[in-house]
Every structure is written in structure tokens, then in C-alpha cells.
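See below for the structure under consideration.
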Amino acid sequence: MEKNLAEKTRIAPSPAMQRWKPPQELNILLVLVGIALIYEAMGWIFIGQSFLANTQRLTITILQVSVVGIIAVGVTQVIITSGIDLSAGSVVAMTAMIAASVAQSSEWTRALYPGFTDMPAIVPISVGIILGAIAGLINGALVAYARIPPFIATLGMMVAARGISKWYTKGQPISGLTDQFTFIGSGAWPVVVFIVVAIIFHVALKYTRYGKFTYAIGSNMQAARVSGINVEAHLVKVYAIAGMLAGLAGIVTAARAQTAQSGMGVNYELDAIAAAVIGGTSLAGGIGRITGTVIGVIILGVMSSGFTFLRVDAYYQEIVKGVIIVAAVTVDVYRNRRGRG
Amino acid sequence: MSDVTLADPTAEQALLLSAQGIRKEFPGVVALDGAQFNLRSGSVHAVMGENGAGKSTLMKILAGIYQPDAGSLHLKGKEVMLSTPLDALEKGVAMIHQELNLMASMTVAENIWIRREPRNAFGFIDHKKMNRITNDLLQRLRINVRADGEVRTLSVASRQMVEIAKAVSYDSEVLIMDEPTSALTDREVSHLFEIIRELRTEGKGVVYISHKMNEILEISDEISIFRDGKYISTHSASTISRDEIIRRMVGREVLQMFPKEDVELGDVLLSVKNLDLEGVFSNVSFDLRAGEILGMAGLIGSGRSNVAEALFGVTPPTSGEIRIAGQSVQIRKPSDAIAHGMAFLTEDRKETGCLLALDILENMQIAALQTRYTRSGFVQGGSVAVDCAEMARRLRIKMTGLNVSIQNLSGGNQQKVLIGRWLLTAPRILILDEPTKGIDVGAKAEIHGLVSSLAKSGAAVILISSELPEVLGMSDRVLVMHEGKVTGILPRSDATQVAVMELASR
């Protein structure tokens, strides 16, 4: 049969074989531009300032959502497999606490482990990432092998990880972190981490076997299994990666705040899910791209930054945020419905 | 080629449903153009055409699921708009879908009377009355299920009957049946036909879609033929020949059906000994040689598909031995089977075949990525796209590009994509479970030709099919199963319909 194939002259796919379609992210990008322009106009009208022509504000805008962005890259992958990860925010707190406890400086007199102070930054970073990966592995094993619905498995992890982060110091914050460690959170470094993570997983989803299998599992788990994909092992991998990224987000959070608290990362998982869904990821699985999620994250950032800029009360912010999330997804649902036969 | 029929002016009186000049476009495809369809009361009207001819689209327009872009619909002479399926149902058009649409965890009665449940004096649902009228209805149609039984406990055939009862309960004038017999046994089919004839004498119009020529010729009064989204002609079923129907559907001379080629058989590639799956099948043994096509026949539930799933590691066997090219192998999961050069086209395209959210390329490449087209984890997008395009051309998949979602393809083209998926793995042993189920004549002949040429090139093929002529026409030997046991393996010369049915039903 291979011979038959080879015998026929090979033709390259003609242009007709790959009909051009506008990128799925186009709509959502337009939403982002629209929101930014609305703020710009309102800025000039109400307070006589430009929203966009302010580099510092734009940097802070992205900086504020970088941590959610790092999580969202992992959560997007989980959602593509038709799963969900509710534990990300709590895992941020847990890894922030435990990583910070081995990142304390000897100058700090109340170090948690006086014997483990002044460690090179690689130690707390490794601890955080490994811890996140373990949380993710547990999520993945519960989902793939114990067949517990992802919502429940990760809900359990969400509650448990939050509990661990409180129990770890009996609610006390951890401070006095080494300069080497806090450097990761300084300046625009969190943004750099976010961008690097986004690029790595954009490439992984689009160009590697890992990515193809992820989409296949989310689209039809049975068909993926029959096609020879080891569905269980792959799911564990995806959840572990999501956990690892939550761990990384925990490290960045602690480094940026120069302290770790058990209350960190609350609701981050919801923001991450919102960003993914705004960016076009389907909760039904099989559909979603990192580029969309990145735009979704930026939309969340621009929204809250714009409210602060316009000095809108924080209470209104959440109301409007809720409306915008649903509106963005509604637009997407209708667009998809029209696109199909 | 378009014949003028319904010339008789008196026939106009009895016109129940009429569609004229129907056009429907989907992004990138014109599904129907200038289609017409006339259904008379008290008749069964078959709609025929290859996959992609526009039959399903037309039926969905008649049932209010799609709105036509142009054209008009008349019900009993009055122009109507059918804006939703519910609207159509209320105006007297009911559709019985190919994919059943019953709520599995509700009872038969609840399913039939949903939204119209009889109420008692307090406005609550009167379950007693509902079950009584359901039993009356089921009895009238001689359907043997309990009104208060949950639908999920019913067989596929019984569910089909419940769907029909539901349509009848609406007093629909027009019943559209899309492939109603695809999951039915012969006895159930004749029961269905009794019901259809009953409906006909009551003056209802039945639109009947099927790929099974025998059924069409047996049950229908008129036949309308469509091709490539266009109406071709309408005929009286008693005057048109089978060959003529096929010729008009395909628009070209059809390749020979079952083009079995004589192939020199090679060594034993697959040897199965005493394969058991507890409670499902037992003691299955057979040999399969290179170049051989082994047919597997048996009634639904005889265990044919289960043997295939066990061989491929979908549900690993509890005991027994599998040898491939003389080597004893352990197949615990599908990837093991693929690593040994096996391929498995499953019976259910939708459930275990298509990745519906993804495009043609992604659907086709997924199995081959296990063993080929990757370098250190990265997919070699260029070479896999070239091979998929070549495969699509070779299988004559009708599409505008590899990046078209597989959802937008007809059933036959989806099946070809899935066949392409397995051919890209360059398999030595192919297991094909109902490869031509729900597929039109032209594509069927193409798939048969392909299977023969694969065997000729040295592959070993297991062909499972409910269509006996297909099994008999294509196979070197026919293995017959009955209730989880192999009741016989017949060489081609002894494999007659009678011999196989005897082994399958004893």
C-alpha cells in the first residue's frame, strides 16, 4: 500500500487544498481594540487624559494580569481536553507559601527554617514547580484513572491546597525573601515569564504531537483512544503541566509581593477560565488556542486598568466584568453557530 | 434528464406536501439548488441519492430544521413557513431522525407526550392516563414495549419504534424517516414495513430515505432521485429498474459492486486461538493470511464487533492467544495494536471515529502520528499535509480543502477520511467494522474496490458487515458468529446466503 502511494506522483497541496480562513482570534482582538478605544474616548471626555498614550499604565496593565496569564495557559490546555481546573488559584497560594519558606534571607530573624536560609533561587523555584506538578499529577490521576469528573477532582484540590497553605504557617505570612528570589517578580519580569510560557505552549499545541493529541482527546475521547492515543497518560500530562504552571505563577506572585500569604491567588482560576473562554476556548473541548487566551487575559487586564483610570468604584468593576465575560462568549457562540452548517 | 411526472391533473388533488425551487447554501457549499419534491397522501415516497446529494438537507428543510434560502413549501395546497421543528410538527410534519432523539432516562410515555402530558384536575401530570393512552397507541401499532419503561432499557430497534409511535401520536400527515432500518434486524424491518403500510392506508404520506435498494423497491410507491444538490427525476417504483436508479443517482456507469480480485494468499499474518471475553464471546479461533479478506457475519449482538475490539485492545480479551506473523503478542491497548501494524475502522463513525471539532487534516493524521511524521515530538506538518492531500485525492474525498471541519462532510466522505486515517499508518492487518454503513452506492463501490486492492497489495483484512451480499461478495472466507461463538468458517465457494444465515441463527 505504501508502494501504491509512492508510485503516484506526489502533488503538493494546491492553494485550494488550504482555503484561507480569518484567524479565530480576529473577533476577540477587535473586542480588545474596541474596549481600549472606548476607554480612550471616555478618558478624553471625562478626565482630559489619554488612556493608551501612557507606557507606564500599559506596563502595569499587563503586569497585573501576568500571573493569571501564566495560569490561563495551563487552564486552556485542560479545557481543550474537555476538562476544567479549579485548583489553580489555591495551588498558587500553596506553592507561594512553601517556595517562600525556602527562599528566606538569613538577615530575617524570624525565618521559618533557620537552617535553610540564603538558598540559591533555584531551590525555591524548583520546589514550587515540583509542588505544582504534584498537585497537577494528583488532579490528572483522579480524572484519568479514578474517572472522577474534572470539576469535582479539581474542586477537591482547590479546597485542600488552600487548606495546606493556611496550615503551613498557621495563617502567618512569610516574609524576608532573598533578593535573588524577589528579582523574578521585579520590574517587568513577570510579563517576560508570561510571554515565554505562552510562546512555548502555543508552539507545543500547534506543532507537536502533544498538542495534536490534546485536541483529539478533547474532541472525542473514544475516537482518540481507538486511534492509539494513551488517553489516561496524556490527561495526566496535561493536568501536571497546568499544575506546574500554577506553581510557577505562585513563585512569581511571592517574588513580586516579596512575601507569601495563604490568601494569595483567590479567584485566579476563575479569571484564568474566563480569559480562556473569552479567547475562544470551548468548554466542550477540542477547540482553543493560546493566542486567544493571551488576548483574553489582556482584555481582563485592560478592563480593570481602565476602570481604575476612570476612577470607577471597585464594586461596579466586578459587575461590568461579569457582563463583559458573558457578552464576549455570547458573541463567539453566535459566530460559531453561523459558521457551521 | 429531468422527467416530467405527476402529469395527471387529478393527482394534484391528493398532493400533501410540495416543495418547489428549494435552494440552500452553507458556507462554501450549495447543498440544494432548484430542488423540488411532491408527496401525495397515502403514498410512500423514497428519496434517493448519493451522500452529499442533498437528501438530508431537503428533509431538514421539510422538517423545519433548516430554512431554505429560496423556494416555497406548500402543505395541502397552502403555502407554509416551517420555522422550527416544533412548528413543523404542529403543522403535521414529523421527522424520525437517523440519530435517535429520545431522552434515555425518561419513560416511553414521558418521551411520547413531552410538552403535551395529560393533566389532572390540579394541573399535575396524570401519569395513569398518560400510560393508558400510550399503551393504546403502542398496541394499535403492535409495538411491544412498556409505556412506563425507561427508554435506556430498550434496544435500538425498540427505540426506533417509540420514535415512530411519537410521530404518530402527533397525528402527523407527513412522516419523514431517515435510514430507519439501519439498526434493525430483518424481522424488525418487516414489522416497520407493516406499520408504514398501515399509515399509508390511513392516508398519510411517508418520506423514506435509505441506502438499501431492496427496501426502497419493496416499500415505496414513488422514487425521487437527487444528485449533487439537484433534483434529477421522479419515478413510479413499479416501473423503474434497480440499475436505472443507480445510474441516475451516480450519473455515470457504476463500477462493479464487490470487485473481488483473486489474490495469491501469503503466510499467516494473524492467528487467533481460543480468544475469550468473559460474558461476551468465547473460544474464538481463526487464521488470517496476507492478501486474504475474512468476512465476519452474524446477527447484531452475536459478538462480531466485540471480537474486533478485543483484537485491537479496545476491550482486551480475558484469555486466549494472538499471534502476528508467528510472534505471540500482548495487545492491552490500541497503541499496542497499531505498533503491530493493525488498523481498526470502527462501526460507529460519530462515537468512536470522527473528531468532530477538528478539520480533515487533523482527523486523518491522528493515528499515523503514533508512529510516523514526528521528529522529537514535533509534527512534520509539511510532509503529513502532502500525504493527507494525496490520500484525500486517492480516496476521492469531496472537499474544498484539508482545513474544512469534518462536520461539514457527508457521511460517506467522513468515512473516507477515517479510512485515510488508517491507511496512513501503513497497516498490515485491517479490521473494517461496517465500512459502508449509511454510505451511498458510488462510495460503496469505491470502498469495495479499495479493500480489494489493499488485499492485493498484501494486507490481511477482516471485514465485518451486516449486509450479507457485501460479506459474500468480498470475502475469501466467511466466519459466522452466533451468541458469542464461532459457528463456522465457510470458504468462498460454500458461502451462500442460506448457509450463512443457518449458521448465524442456530
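The values are calculated or read from the model by the stated rules, or taken from the named source; none is laboratory data. Predicted model, so just to flag it, every value in this text is computed and none were measured. Glycine gets a Cβ as well: all are built from the backbone with ideal geometry, and neighbour counts include every protein chain shown.
Points to keep in mind about this one:
- Residue within segment A:250-271 that is closer than 13 Å to residue A:79 by Cα and either more than 8 Å from chain B (Cβ to nearest Cβ) or surrounded by fewer than 19 Cβ atoms within 10 Å (Cβ to Cβ) (or both) present: yes
- Per-region count, segment A:51-98, residues touching a Pro at 6+ places or on another chain (Cβ under 7 Å) and surrounded by fewer than 24 Cβ atoms within 10 Å (Cβ to Cβ): 2
- In segment B:443-462, the residue that is nearest to residue B:295 (Cα to Cα) out of those that are crowded, with 22+ Cβ neighbours inside 10 Å and not aliphatic (A, V, I, L, M) is B:448.
- Only a single criterion out of (1) farther than 20 Å from residue A:69 by Cβ; (2) crowded, with 21+ Cβ neighbours inside 10 Å; (3) not charged (D, E, K, R) is not satisfied by residue A:208, namely (2).
- Residue B:160 outside the structural domain of residue B:37 (by TED's automatic domain parsing), surrounded by fewer than 13 Cβ atoms within 10 Å (Cβ to Cβ) and part of a helix (DSSP H, G or I): no
- Leading residue by the ranking (nearest to the other protein chains (Cβ to nearest Cβ)) among those in segment B:309-341 that are β-branched (Val, Ile, Thr), within 21 Å of residue A:232 (Cβ to Cβ) and surrounded by fewer than 24 Cβ atoms within 10 Å (Cβ to Cβ): B:314
- Residue in segment B:364-374 that is within 10 Å of chain A (Cβ to nearest Cβ), closer than 30 Å to residue B:300 by Cα and at pLDDT 90 or above present: yes
- The combined condition, being surrounded by fewer than 20 Cβ atoms within 10 Å (Cβ to Cβ), under 24 Å from residue B:50 (Cα atoms) and not assigned by TED's automatic domain parsing to the domain that holds residue B:45, is not fulfilled by residue B:241.
- Among the criteria (1) surrounded by fewer than 24 Cβ atoms within 10 Å (Cβ to Cβ); (2) closer than 30 Å to residue A:225 by Cβ; (3) in contact (Cβ under 8 Å) with a residue 40 or more places away in the chain, the one residue A:149 does not fulfil is (3).
- Checked against the criterion of being more than 7 Å from chain A (Cβ to nearest Cβ), closer than 27 Å to residue B:56 by Cα and at pLDDT 90 or above, the candidates B:360, B:429, B:397 yield just one match: B:360.
- For segment B:80-132, the set of residues classified as in contact with a Lys or Arg (Cβ under 7 Å, 6 or more places away or on another chain) and of a type in the set (D, E, K, R) consists of B:126 only.
- A search for C-beta distances below 8 Å between a residue of segment B:24-40 that is farther than 14 Å from residue B:54 by Cα and assigned to a loop (DSSP other than H, G, I, E, B) and any residue that is modelled with pLDDT under 90 and hydrophobic (A, V, I, L, M, F, W, C), counting only pairs 6+ apart in sequence or on different chains, returns B:28/B:404.
- All positions within segment B:420-432 that are outside any loop (DSSP other than H, G, I, E, B) and surrounded by fewer than 24 Cβ atoms within 10 Å (Cβ to Cβ): B:420, B:422, B:429
- Per-region count, segment B:189-220, residues under 27 Å from residue B:410 (Cα atoms) and of a type in the set (Asp, Glu): 2
- Tally, over segment B:165-195, of residues that are part of a helix (DSSP H, G or I) and either aromatic (Phe, Trp, Tyr) or within 20 Å of residue B:40 (Cα to Cα) (or both): 5
- Pairs, first at pLDDT 90 or above in segment B:455-475, second of a type in the set (Lys, Arg) and assigned to a strand (DSSP E or B), C-beta under 9 Å, six or more apart: B:460/B:289
Matching residues to (1) of a type outside the set (Val, Ile, Thr); (2) within 14 Å of chain B (Cβ to nearest Cβ):
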residue	(1), (2)
A:177	yes, no
A:193	no, no
A:197	no, no
A:211	yes, yes
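- Of all residues making up segment B:99-119, the number that are surrounded by fewer than 18 Cβ atoms within 10 Å (Cβ to Cβ) and either in contact with a helix residue (DSSP H, G or I) (Cβ under 8 Å, 6 or more places away or on another chain) or closer than 17 Å to residue B:160 by Cβ (or both): 9
- Test: residue A:257 is touching a helix residue (DSSP H, G or I) at 6+ places or on another chain (Cβ under 9 Å), free of Cβ contacts under 8 Å to residues at least 60 places away in the same chain and more than 17 Å from residue B:377 (Cβ to Cβ): no
- The residue list A:143, A:159, A:127 contains one member that is crowded, with 21+ Cβ neighbours inside 10 Å and under 22 Å from the mean Cα position of the chain (by Cα), which is A:143.
- Every pair of residues 6+ apart whose Cβ atoms lie under 7 Å, when the first sits in segment B:72-96 and is on the phi < 0 side of the Ramachandran plot while the second is part of a strand (DSSP E or B) and of a type in the set (S, T, N, Q): B:72/B:20; B:74/B:18; B:79/B:72
- Among the numbered conditions (1) crowded, with 24+ Cβ neighbours inside 10 Å; (2) in contact with a helix residue (DSSP H, G or I) (Cβ under 8 Å, 6 or more places away or on another chain); (3) within 14 Å of chain B (Cβ to nearest Cβ), the only one that residue A:219 does not meet is (2).
- Strands (runs of 3 or more DSSP E) contained entirely in segment B:51-103, each with at least 2 residues that are touching a strand residue (DSSP E or B) at 6+ places or on another chain (Cβ under 9 Å) and not assigned by TED's automatic domain parsing to the domain that holds residue B:26: B:93-96
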